[in-house]
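Just so you know, all these numbers are worked out from the coordinates, no wet-lab data involved. Keep in mind the model is a prediction, meaning the values are calculated, not measured. Counting neighbours? That spans all protein chains shown, and the Cβs are built from the backbone with ideal geometry, glycine included.
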Amino acid sequence: MKVTIDGQEIEVAPGTTILQAARMIGGESVPPAMCYYSKLDKTGGKCRCCLVEVAKGSDADPRPMPKLMASCVTGCMDGMEVNSKNSERVREARQSVTEFLLINHPLDCPICDQAGECDLQDLSFEHGKSKTRFIEEKRTFEPEDIGPNIQLHMNRCILCQRCVAVADQLTDNRVHGVLDRGDHANISTCISKAIDNEFSGNMIDVCPVGALTDKTFRFKSRVWFNKPFNAHRECTTPGCCGKTTVWMFGNEIQRVTGRKDQYHEVEGFICNTCRFDKKEVSDWVIEGPRKFDKDSVINQNNYTREMDTVHIATEEGILKGRAEDRKKISMTAIPLDQKEQEEFKNGNL
Amino acid sequence: MERTHHKQEINMTETLMNRINELISHYPEDKKKSALLPVLHEVQDAHDNWLSIELMDKVAEILEILPIEVYEVATFYTMFNLKPIGKYMFEFCQTSCCCLRGTEDLMDYTCEKLGVGIGETTPDGLFEVRGVECLGACGYAPMMQLGDFYKEHLTREKIDQLIADCRDNKIILHDK
Amino acid sequence: MSQKILLDKINVPGIKTYEVYRREGGYASVEKALKSMTPDDVVEEVKKSGLRGRGGAGFPAGMKWSFIDKKSGKPRHLVCNADESEPGTFKDRYLMEFIPHLLIEGMITSSFALGANRSYIYIRGEYMWVFKILERAIAEAKAAGWLGKNILGTGYDLELHVHCGAGAYICGEETALIESLEGKRGNPRIKPPFPAVSGLWANPTVVNNVETIAAVPWIVNNSGDDYAKIGIGRSTGTKLISASGNVKNPGVYEIELGLSVDEFMNSDEYLGGMSSNRPLKALVPGGSSVPILPADLIFKTANGEDRLMTYESLSDGGFATGSMLGSGGFIVYDDTACIVRNTWNFSRFYHHESCGQCTPCREGTGWLEKVLWRIENGQGREEDIDLLWSIQSKIEGNTICPLGDAASWPVAAAIRHFREEFEYHVRFPERIKNRDHFVNEPFEKVRHLIAKQTV
């Protein structure tokens, strides 16, 4: 079958989705995907980031599809013509979805362990705006403890449901799922039960944002201060591929993750023993440093170059925070003198 | 999300189990999960109109599914109550068509009369007032749901009467 | 008097019971279909009738039936959508409560046409007493030999059951309904595959509205051609209209499609005009999700033609000056109603009912509600009106299921036709403090306040 994406033609096998075809072509035409995960069944179609325009349905039925289609769940047809990056409509739709994903997101990247390897950051960088139109109160959730290894930050969740698919696919006794409805839908065990399955750690790897992070790595380091190395060990856990990336600071292994490809999907799933318990260099056969994208945040720490003065292209005074929040900040224990108070009000402290 | 859990006495009577088994028989043998919604309605009706974690676990056991599958469903649908509620729950339809006919004033009236706010239970545990979305009785507004039944064309006088009837134990909540 | 097809026997005393229903000629269509017709003959009659889905989308029922996958050899199912929850709509409940055997008869005849041996009626959980009525009616029908094995000795088997929902508007969407019937959360499925290929338990399934199925017995007893003679053009047959709001006689009416809106609204046979002496301000003709029409576009289209109760006439002019017949939820507003408040109310409804699966609907519906709530409560900003427009346009068309569109259209239509009212709310917050702000001072009296000032 022949399919054309942004003017580039490719032969694909029947059953290939538009997104898969685009990934075969590669480059800028590949739609962003926040919920689809090729290694997990029944994922995709939910986040709407990968919407594309089908300008021609197929050779047999050349009519264009009236609505934008989720490329991760739409199959290719022979002769299909798709516009991804080339379509203004698609760009607009992706901007819209990005805005929707961000309105209730806490935007707490400065204290988020995912920062630097976050798909939502990447999406925002590509399709987001630096100004917000959302002035309402953000939605928040009560925190829930789901065990000693995984930190759940529901406020950051985008409900891709990949973690539910991990539990369905890799374990036989799922204890967490999506509870409640609408914009209060949340990932939870409902009974604050520890998710202690041997493969539960993969939830962290598949999470596109900082909603599920590694408690053993919590606040240890920013990811870009770590040096990632590919490593492996003879793991005896059935189903564990034993191939990982270890994230090092000096000679210390601070974190172990699955080995991710250019779409941030793991090559194989690993067990919790490899992930959480093997933090000694002697546990691993180190293969060598990982390649990383030239434009990635991690790269920032790896080459010295002259830095320009940083200019934050955003609203005036965003560092001051919102006026209503500033009012709530009271620091009576540390009294400021008159001048300092004035400066504080102006947000310059 | 962290939830508060309440204790509930579970009593799976023979009548209830017979009814559950009848409902299960409505679906193919390997599709027991399909009976989940009707079964949850039945056990909720038989347990003071709410579902505790223990009760949901019991349902999971009967239907041979995972407890989380029951929690996921029970939290999705608004008719399942996950904490104890007032015996007589006045569920006023507050969607536009009913509002055109004065629902909001009537809700204020009821709340004032019972001395509660919307979503609150009276201290004696008898009454609760709620605003819910369209109940499909727009032409008979204002109206409310009380148990399995609708009370329509409501007026202040009818509300007074209903409250009195509830207090006198004259209201049937479920059609069994 | 126009012809009645669904409600002609509604006033017969005892029609709720099997005996009376049967005595009045009930179940004749089952006899006729099973004994003298092939399933394809029944499908053909329904195709000829031009009957369109009465749940809101108006898709031709016969065509939908013909899509069902018979080649795979998998069991097939017919599911009746009785999850009536569109604000303004309460017709199905009326049918099921007062003439339950009509739906059951329709289910048997339609299941036969589709070759389905296991069918369900999915009723919303709030209609619990109707659920019980249907359960009893099914038991009666089964006892009389209309259900079960080898019906009427023809070798056709059918099991029919009622299934109840538990409070979720989204389960009216056919794939969400199927999920719910499988005992899951009511999350709409991604299509394709369509239910006709992979529906209930991955079997080929047809989902039809109560009113659609209830029209089948008449079509089989008479003929598709006879049915097609009623109505105008592609709007054939009769339609149940649920009328509510500020009218004299709210309730359920069966009309022949093609009746003029004016006659339906004002004749004593139907709504009998407004409930008080306040003037008509706006109309939602097909349930909360269809665009609202301002007074000047209700009785006449933009071209000056009479507006008729048909799929085509109500949508004449597109969304710019028209609306839709939808599910027939006819909501009438007089000038005491506030369009901003009404739009906020609908937005709250969709926010509450969004399943939360896909991003634009989950996040956008809540945003719409919050902005509308601010405007209605005097905290609106001038830019909020354009913001609302932008948000709704970003939801529309980008979601998995039509709930996103349904949440967007009322907001878009309200701004399109009643922008001045939004501006009034933003500019005169002190005048809209009370929720009944237009009762004593209808908008017409204050419209001049927001008129452009020329010096």
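When both bridge partners sit in the protein assembly as shown, DSSP labels roughly 65% of those beta bridges antiparallel.
Loop-located GluC sites (Glu not before Pro) across segment A:121-177 with a Cβ neighbour count of 16 or fewer within 10 Å are A:GLU136, A:GLU137, with loop assigned by DSSP.
Sites count as exposed loop sites when they are trypsin sites (Lys or Arg not before Pro), lie in a DSSP loop, and have at most 11 other Cβ atoms within 10 angstrom; the longest stretch of chain C without one is C:72-432. Summarising the amide proton neighbourhood of C:ARG124: residues at separation of 5 or more, or on other chains, whose placed amide H is nearer than 5 Å comprise C:ASP83, C:GLU84, C:GLY165.
Direction-averaged projected area, Cα convex hull, the protein assembly as shown: 46.7 nm², rounded to one decimal.
Report the Cα centroid-to-centroid distance between segment A:95-156 and segment C:210-225 in angstrom, as an integer. Between the Cα centres of segment A:95-156 and segment C:210-225 lies a distance of 53 Å.
Between rounded, prolate and oblate, where does segment A:31-100 land on the alpha carbon gyration tensor, with a ≥ b ≥ c its root eigenvalues, rounded for a/c under 1.5, else prolate if a/b exceeds b/c? In terms of gyration-tensor shape, oblate. Using the Cβ-Cβ distance between A:ASP172 and B:LYS31 with R0 = 25 Å, the FRET efficiency computed as 1/(1 + (r/R0)^6) comes to roughly 0.80. Our estimate of slack between A:SER38 and A:PHE249, defined as 0.36 nm per intervening residue step minus the Cα-Cα distance, is 72.8 nm. For segment C:402-418, the residues whose amide N sits under 19 Å from a probe point set 7 Å from the Cα of C:LYS452 along the beta carbon direction are C:416-418. Springs join every pair of Cα atoms under 10 Å in this Gaussian network model of chain A, and among A:ILE111, A:ILE146, A:ILE195 the largest mean-square fluctuation is at A:ILE111. Could you calculate the FRET efficiency of C:ASN377 with B:MET17 from 1/(1 + (r/R0)^6), where r is the beta carbon distance between them and R0 is 56 Å, rounded to 0.05? Result of the calculation: an efficiency of 0.65. Classify chain A from the C-alpha gyration tensor, please: rounded if a/c falls under 1.5, else prolate or oblate depending on whether a/b exceeds b/c. Oblate is the answer for chain A, as a/c is 1.5 or above yet b/c matches or exceeds a/b. In this label model, A:SER282 and C:SER72 are separated by 5.8 nm, measuring between points 7 Å along each Cα→Cβ vector. Round to the nearest 10 and give me the degree value, 0 to 90, for the angle of helix B:14-24's Cα axis relative to the longest principal axis of chain B. Long axis of B:14-24 versus the principal axis of chain B: about 80 degrees. Axis angle, to the nearest 10 degrees, between helix B:53-63 and the longest C-alpha principal axis of chain B: 50 degrees.
Take each residue of peptide B:143-155, count the partner chain Cβ atoms within 10 Å of its Cβ, and average: the result is 2.
With the simple model of a label 7 Å out from the Cα in the direction of the Cβ, A:THR236 to B:ASP165 spans 7.2 nm. For segment B:23-96, GluC sites (Glu not before Pro) meeting the loop criterion (DSSP other than H, G, I, E, B) and having at most 13 other Cβ atoms within 10 Å: B:GLU64.
Three principal axis extents of segment C:339-450 based on alpha-carbon atoms, in descending order, are 43, 20, 19 Å. Per-residue shielding of C:123-132, expressed as the average number of other chain Cβ atoms within 10 Å of the residue Cβ, stands at 6. Derived scalar couplings between HN and Hα for segment C:65-81 equal 5, 6, 7, 4, 6, 9, 6, 5, x, 6, x, 10, 9, 10, 10, 8, 8 Hz in order, rounded to whole Hz, by the Karplus curve 6.51 cos²θ - 1.76 cosθ + 1.60 (θ = phi - 60°), x for Gly and Pro. Counted by Cβ distance under 11 Å from B:ASN11, the other residues give a net charge of -2, where Lys and Arg count +1 and Asp and Glu count -1. Mean residue ellipticity, 222 nm, helices only, chain C: the sum of -39500 (n - 2.57) across DSSP H runs of n ≥ 4, divided by residue count and rounded to 500, is -12500 deg cm²/dmol.
For C:SER260, the amide hydrogen comes within under 5 Å of the amide hydrogens of C:MET309, counting only partners 5 or more places away or on other chains and with H modelled in the peptide plane. Count Lys and Arg as plus one, Asp and Glu as minus one, and take only other residues whose Cβ is under 12 Å from that of C:GLU126; the net charge is then -3. Axis of helix B:67-76 versus longest Cα principal axis of chain B: the two differ by about 20°, to the nearest ten degrees.
With a simple spin-label model that places each label point 7 Å from the Cα along the Cα-to-Cβ direction, the separation between A:ASP196 and A:GLU267 comes to 3.3 nm. For C:ASP334, the residues 5 or more places off, or on other chains, whose built amide H falls under 5 Å of its own are C:ASN246, C:LYS281. For segment B:14-76, the mean projected area of the C-alpha convex hull, equal to one quarter of the hull surface, is 3.9 nm².
Under the convention that each Lys and Arg Cβ holds +1 and each Asp and Glu Cβ holds -1, the size of the dipole of the protein assembly as shown around its Cα centre is about 680 debye.
Along its principal axes, chain C has C-alpha extents of 86, 47, 38 angstrom, given from the largest down. Rounded to whole numbers, the Karplus 3J(HN,Hα) couplings from phi for segment B:39-48 are 5, 4, 4, 5, 5, 5, 4, 7, 10, 6 Hz, using 6.51 cos²θ - 1.76 cosθ + 1.60 with θ = phi - 60°, and x at Gly and Pro. Once the C-beta distance of B:ASN81 and A:ASP308 is scaled by a Förster radius of 45 Å, the resulting FRET efficiency is 0.15 to the nearest 0.05. Figure legend: label point modelled 7 angstrom from the Cα of C:GLU31 along Cα→Cβ; residues of segment C:94-127 with amide N under 20 Å from it are C:100-113. Cα centroids of segment B:109-176 and segment A:179-202: 36 Å apart.
If you take the Cα centroid of segment B:87-108 and the Cα centroid of segment C:61-131, the two points sit 30 Å apart.
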